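For reference, the structure discussed in these notes is given below.
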Amino acid sequence: MLVEIQRLGKEEVTVVTSLDVAETFEKEHRRVLQDIREIGCSDEFREHNFVQSFYVNAQNKNQPMFLIT
């Protein structure tokens, strides 16, 4: 799992991507995205800990992912 420091807003935070989570736990990325979207937590917790982002796939298209703090 690739953990890195990124700047989110004005803060530097430690993050891992949903892609890394999927790879590490041998899950389909779409299932990890679904689980994050359906997690039972407050909106405030979700906004601070699951930041929606994107990556460019092999077909050069933007695909959704999350940065998880």
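The values are calculated or read from the model by the stated rules, or taken from the named source; none is laboratory data. As the structure is a prediction and not an experimental result, all values here were calculated from the model. So basically every Cβ, Gly included, is an ideal-geometry build from the backbone, and we count neighbours across all protein chains shown.
Quick notes
- Members of region 1-21 that are over 21 Å from I36 (Cα atoms) and among the acidic types (D, E): E11, E12
- Pair list, Cβ under 7 Å, 6 or more apart: region 1-17 residue closer than 13 Å to F50 by Cα and surrounded by 10 or more Cβ atoms within 10 Å (Cβ to Cβ), other residue modelled with pLDDT of 85 or more and of a type outside the set (A, V, I, L, M, F, W, C): V13/T69; T14/T69; V15/T69
- Total residues in region 20-54 satisfying the condition of being out of contact with any helix residue (DSSP H, G or I) (no Cβ under 6 Å at 6 or more places or on another chain) and touching a residue at least 40 places away in the same chain (Cβ under 8 Å): the figure is 1.
- Total residues in region 34-45 satisfying the condition of being under 21 Å from I5 (Cα atoms) and within 11 Å of the chain's Cα centre (by Cα): the figure is 1.
- Of all residues in region 31-46, those that are surrounded by 11 or more Cβ atoms within 10 Å (Cβ to Cβ) and charged (D, E, K, R) total 4.
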